[in-house]
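Below is one structure, written out as structure tokens; the observations come after it.
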Amino acid sequence: MALVFVIGGARSGKSSFAEELAASCGSRVVYVATASALDEEMARRIHIHRVRRPASWVTVEETRCLEKVIRQYENDADALLIDCVTMWLTNLLLDENLPCSGGALDDRESYILEEARRLAGTAVASPARVIMVANEVGLGLVPDNALGRAFRDLAGRVNQLLAREAEEVYLVVAGLPVEIKPRVFKGRRFKGRR
């Protein structure tokens, strides 16, 4: 059907907006949560998101295999909402067993970019509308360590890749969604740096 990409900073309102988009697609919504409750603060955040969602939505907790979830639910859902791609990327980046045990950071980055390409392809081909939420992390300070810089750069590359493939892209700022790639834009490609 279509890939819709929603991006914004922390506490920008991007998740709430993406939930509204998903609800507008129909009653059969699958919410794909990529975060794990590793501490009390994260557990509270997850709880807030759960309470906000309609009880009729199916929630799937998946930290890594997003393609598999799309394929599993796409024929029974009007929309799949993945919140969020940046947490998924973090989960993969911090897994030292990917792509193989003890793999170098450069190898993980290449692996993650390939996974993102496959994820985008699966989303675009899905009969359900797939809405992906991501953080814009490139507007802040340059991180002071190699892992932080690798994360910021990789998040930027993954966001560009998903935005390129998406039919619609929204930037959410201070709770206000701004459509930055309307449906009619599809077909024209910006050939910027990758």
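The values are calculated or read from the model by the stated rules, or taken from the named source; none is laboratory data. From a predicted model like this one, the values you see are computed outputs, not experimental measurements. Virtual Cβ from ideal backbone geometry, glycine too; neighbours counted across all protein chains shown. Just the protein is used for accessible areas: all its heavy atoms, side chains included, with ligands, DNA and RNA removed. Shrake-Rupley method; radii C 1.70, N 1.55, O 1.52, S 1.80 Å.
Taking all protein chains as present, what is the carbon and sulfur share of the accessible area of the chain, in % to the nearest whole number, probe 1.4 Å? Kindly include the intermediate steps, with their values, before the conclusion.
Values: 5580 of 10410 Å².
So the carbon and sulfur contribution to the accessible surface is 54 percent.
Which residue, I180, I48, I131, tops the fluctuation ranking in a GNM of the chain built on C-alpha contacts under 10 Å?
Taking springs between Cα atoms under 10 Å, the residue moving most is I48.
What does the net charge come to around A123 if you take all other residues with beta carbon closer than 13 Å to its beta carbon, with K and R at +1 and D and E at -1?
Details: positive: K68, R71, R117, R118, R129, R164; negative: E67, E74, E115, E165, E167, E168.
Around A123, the surrounding residues sum to 0.
³J(HN,Hα) across segment 11-25 via Karplus (A = 6.51, B = -1.76, C = 1.60, θ = phi - 60°), whole Hz, x for Gly/Pro?
Computed from phi, the couplings for segment 11-25 are 6, 7, x, 5, 5, 4, 5, 4, 5, 4, 4, 4, 4, 6, 7 Hz.
Which one, A116, Q72, P99, is farthest towards the positive end of the dipole of the chain when Lys and Arg carry +1 and Asp and Glu -1 on their Cβ?
The residue sitting farthest along the positive end of the dipole is A116.
What translational D, rounded to a whole number of µm²/s, comes out for segment 67-180 from Stokes-Einstein when the hydrodynamic radius is the Kirkwood one over Cα pairs, at 25 °C and 0.890 mPa s? List each step's numbers first, then the result.
Working: Rh = 15.2 Å.
Rounded to a whole number, D works out at 162 µm²/s.
Taking all protein chains together and a probe of 1.4 Å, list D76, D39, D95 from the most accessible to the least accessible. Mind dumping the intermediate values first?
Numbers: D76 100, D39 80, D95 30 Å².
Order by accessible area, largest first: D76, D39, D95.
For a quick protection proxy, order the peptides 60-70, 99-109 by their average other-Cβ count within 10 Å, most packed first. Don't skip to the end; give the middle numbers.
Numbers: 60-70: 16.5, 99-109: 12.6.
Descending mean neighbour count gives 60-70, 99-109.
Would you mind checking which residues have amide H under 5 Å from Y170's amide H? H placed 1.01 Å from N; only 5 or more apart, or other chain.
Those qualifying (amide H under 5 Å, at least 5 residues apart or on another chain) are F5, V6, I7, I180.
What shape does segment 19-78 take by its C-alpha gyration tensor, where a ≥ b ≥ c are the square roots of the eigenvalues and a/c under 1.5 counts as rounded, a/b above b/c as prolate, and the rest as oblate? Display every interim value, and only then the final one.
On the way: a/c = 2.96, a/b = 1.35, b/c = 2.19.
In terms of gyration-tensor shape, oblate.
With Cα extents along the principal axes in Å as the read-out, I listed [x] 51, 33, 33; [y] 57, 37, 32; [z] 43, 43, 34; which label goes with the value calculated from this structure?
Derived directly from the coordinates: [z].
Over the chain, average the accessible area per residue using a 1.4 Å probe and give it in Å², no decimals. Don't jump to the answer; show the numbers that get you there.
Working: 10410 Å² over 194 residues.
Here the residues of the chain average 54 Å² of exposed surface.
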